[in-house]
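These notes are about the structure you will find just below.
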Amino acid sequence: VRRRIDDCFLRTGDQDGLVSYYQSWLESHPQDIEAMNRVARFLKQSARNPEAATWLNKALTLAPKREDIRKTYVELLAEDKRFEDAAAQYEQLLKTSPNNADYLRDWGKMILRNKEKPEADRRKQAFSIWNRMLDPNPNDAVMVAQVADFCRQNQMLEEAESLYRKAVDLAPSEPQYREYLGEFLSIQKRPDEAKVVWQAIAQGDRRSAENLARLAEIYNSFGYGEDACQNIAQAIELAPKDFALVLKGAEYHNKSARFDEAIKLVDQAEKLAANDEELE
């Protein structure tokens with residue numbers, strides 16, 4: 001019914017009339033939280049943010065655990081550049097949903113947007129908030145790498161590097177964490193260090209055709225053609241009957257203008273082809 005009432009007003013562009021309707025309704029129904037939420041939304045769309053904030057506050061007083069209303073309030077405060085007030089709302093959200101990673105992430109980002117505070121203080125506070133994501137399981141390499149990503153995206157480079165290295169230590173057999181760390185170092189113009197990290201993906205008991213192929217793919221994506229060729233060749237030595245791997249080796253050698261080797265690998269792949277599509 002309310003949706004139809006809204007449509008009646010909005011079809012004629014009478015958004016102010018719709019707001020007046022809900023305000024009149026709320027005079028006789030002061031506990032109607034949904035009506036408060038609706039009138040706040042329409043006020044916000046009309047750029048009447050102070051009035052919208054008043055109704056959202058009233059709704060939250062009656063229903064402090066309504067996360068959807070509080071998130072709308074956060075958006076409104078941020079739109080008005082009231083970043084400190086917006087950040088404070090995340091504390092309330094986390095009372096309802098403790099350790100919610102999305103709320104902690106967004107809270108830290110909101111802190112960083114408040115340019116009235118010194119940048120160093122903002123970064124320190126944001127880092128402290130993001131670290132709370134690790135409280136439930138400090139040895140979760142996935143979450144550690146995620147926090148590292150947040151730090152990198154916000155130019156908190158020292159903290160990011162420390163966390164990427166921690167993720168590697170927590171999951172030494174998982175190649176993706178060395179890949180992330182190497183990528184970070186490469187972006188920081190530290191290619192030699194990046195290569196050392198990447199090379200460890202396929203060293204010792206981690207040396208396998210799969211890891212060597214992954215290492216070759218990393219080198220190829222960063223423009224290290226010779227390294228890509230060397231590692232894909234080693235992968236093929238370990239898995240000479242892997243059609244896709246051999247064909248990938250031909251691609252890398254061709255890209256690096258090593259045409260003779262590429263043709264040999266194409267010939268090798270032809271012998272492994274199992275159907276017409278692979279032969280083509």
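The values are calculated or read from the model by the stated rules, or taken from the named source; none is laboratory data. As the structure is a computational prediction, the values presented were derived from the model and not from experiment. Backbone-built Cβ (ideal geometry, glycine too); neighbour counts: all protein chains shown. Heads up: the accessible areas ignore ligands, DNA and RNA and are worked out on the full protein's heavy atoms, side chains in. Shrake-Rupley method; radii C 1.70, N 1.55, O 1.52, S 1.80 Å.
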It is to be established whether one or more residues within region 154-172 are closer than 30 Å to LYS65 by Cβ and open to solvent by 10 Å² or more (accessible area, probe 1.4 Å).
no
Take the residues of region 128-137 that are open to solvent by 50 Å² or more (accessible area, probe 1.4 Å) and in contact with a helix residue (DSSP H, G or I) (Cβ under 8 Å, 6 or more places away or on another chain): which is nearest to PHE83 (Cα to Cα)?
ARG132
When you check ILE69 against the structure, is it out of contact with any His (no Cβ under 8 Å at 6 or more places or on another chain), surrounded by fewer than 19 Cβ atoms within 10 Å (Cβ to Cβ) and either farther than 27 Å from TRP107 by Cβ or of a type outside the set (Ser, Thr, Tyr) (or both), yes or no?
no
Could you list, ordered by first residue, the pairs with Cβ atoms under 9 Å in which the first is in region 85-106 and at positive phi and the second is buried (at least 16 other Cβ atoms within 10 Å of the Cβ), at least 6 apart or interchain?
ASN99/ARG132; ASN99/MET133
In region 77-99, the residues that are under 14 Å from ASN49 (Cα atoms) and out of contact with any helix residue (DSSP H, G or I) (no Cβ under 6 Å at 6 or more places or on another chain):
GLU79, LYS81, ARG82
Looking at GLY17, is it surrounded by fewer than 14 Cβ atoms within 10 Å (Cβ to Cβ), without any contact (Cβ under 8 Å) to a residue 24 or more places away in the chain, farther than 30 Å from ASP135 by Cβ and touching a helix residue (DSSP H, G or I) at 6+ places or on another chain (Cβ under 9 Å)?
yes
